[in-house]
Amino acid sequence: MKLYNDTNAFGLVSRANHWISAFLFIGLIALGIYMHELPKSPEKFELYDLHKSLGIGLFALMMLRLVWLKISPNPEQISHNRFEHILAHSVKGILYLAMIMMPISGWIMSNSGGHEAAFFNLFTLPDLVGENETVHEIAETIHGTMGPLMIAIIALHIVGALKHHLVYKDDTLKRMLGKK
């Protein structure tokens, strides 16, 4: 089992990062939707702490992914036409941007609301901003708006992978599953 990507397949590091990030990101969106509907209570604040910790973890994975891309570039996309190539590249770019912007906007939202962003009580991130209602509302709008958008983008990503696997019968999905 190889660690590095090559021209035709993803290595173990990229595959592990992809799948852990995917489940974490989807879980964070689901948890965010669930938390938002809860009344203020100790349970809600515990879930907020969990959400922040997992968000920090996702942000760290994303930073590692960007570093890993420099060390071991992804294999070329398998594209069947120019439109799908552009669409796949755009979807991946939006997902990368979201996995950076969602944690940062959450971090700013916490700080501007007078709260810290801690990782499972192991460490606390430094404050990016002080308590500020206007900044808090902007960060909250960005964070809240990106969730539903990400559901659509993730769905598009999954549909694209399934189309490659079921319709084109190419190795796109197999490369990310380590079956290539």
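The values are calculated or read from the model by the stated rules, or taken from the named source; none is laboratory data. All values derive from a computational prediction rather than experimental measurement. All Cβ positions, glycine included, derive from the backbone under ideal geometry; neighbour counts span all protein chains shown. Ligands, DNA and RNA are excluded from the accessible area calculation, which covers all protein heavy atoms including side chains. Shrake-Rupley method; radii C 1.70, N 1.55, O 1.52, S 1.80 Å.
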Can you give the Rg to Rh ratio for the range 32-76, taking only C-alpha atoms and Rh from Kirkwood?
1.28
How about the range 112-144: which GluC sites (Glu not before Pro) there are in a DSSP loop, with at most 14 other Cβ atoms within 10 Å of their Cβ?
Glu116, Glu131
Efficiency by 1/(1 + (r/R0)^6): what FRET value for Leu166 and His89, r their Cβ-Cβ distance, R0 = 30 Å, to the nearest 0.05?
0.90
Provide the solvent-accessible area of Met101, counting protein heavy atoms only and rolling a 1.4 Å probe, rounded to the nearest 10 Å².
70
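Compute the longest continuous run of the chain that contains no exposed chymotrypsin sites (Phe, Trp or Tyr not before Pro); treat a site as exposed when its DSSP state is not H, G, I, E or B and it has at most 14 other Cβ atoms within 10 Å. Walk me through the numbers before you get to the answer.
Details: sites that count: Tyr4, Phe120.
Here the longest segment lacking exposed loop sites spans 5-119.
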Compute and list, largest first, the equivalent-ellipsoid semi-axes of the range 82-173 from the alpha carbon gyration tensor, each √(5λ) rounded to a whole angstrom.
36, 14, 9
222 nm [θ] for the chain, helices only, -39500 (n - 2.57) per DSSP H run of 4+, per residue, to 500?
-24000 deg cm²/dmol
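Which shape class, rounded, prolate or oblate, goes with the range 1-95 when its Cα gyration tensor gives a ≥ b ≥ c as root eigenvalues, a/c under 1.5 marks rounded, and past that a/b bigger than b/c marks prolate? Let's see the in-between values first.
On the way: a/c = 3.52, a/b = 1.94, b/c = 1.82.
It is prolate, given that a/c is not under 1.5 and a/b is the larger ratio.
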Ranking Pro39, Asn121, Asn17 by how far each Cα lies towards the positive end of the charge dipole of the chain (+1 on Lys and Arg Cβ, -1 on Asp and Glu Cβ), the top one is Asn17
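I'd like the Kirkwood hydrodynamic radius of the range 135-180, using the inverse of the mean 1/r over distinct C-alpha pairs, in Å. Write out the running numbers ahead of the final one.
Working: mean 1/r = 0.0800 Å⁻¹.
After inverting the mean inverse Cα-Cα distance, the result is 12.5 Å.
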DSSP-assigned coil residues among trypsin sites (Lys or Arg not before Pro) in the range 1-47, each with at most 12 further Cβ atoms within 10 Å:
Lys2, Lys40
Heads up, I need the accessible area for Thr134: 1.4 angstrom probe, whole protein in place, Å², nearest 10.
90
If you average 1/r over all unlike Cα pairs in the range 67-111 and invert the result, what Kirkwood radius do you get in angstrom?
12.6
Simple spin-label estimate for Ala118 and Glu140 in nanometres, 7 Å along Cα-Cβ
2.3
At what distance in nm do the modelled label points of Leu24 and Lys180 sit from each other, each positioned 7 Å from its Cα along Cα→Cβ?
2.4
Cα pair distances in the chain, grouped into 10 Å bins until the bin that holds the longest one, percent each
9, 33, 32, 18, 8, 0
Spacing of the two label points (7 Å from each Cα toward its C-beta) at Glu37 and Glu133, in nm
3.0
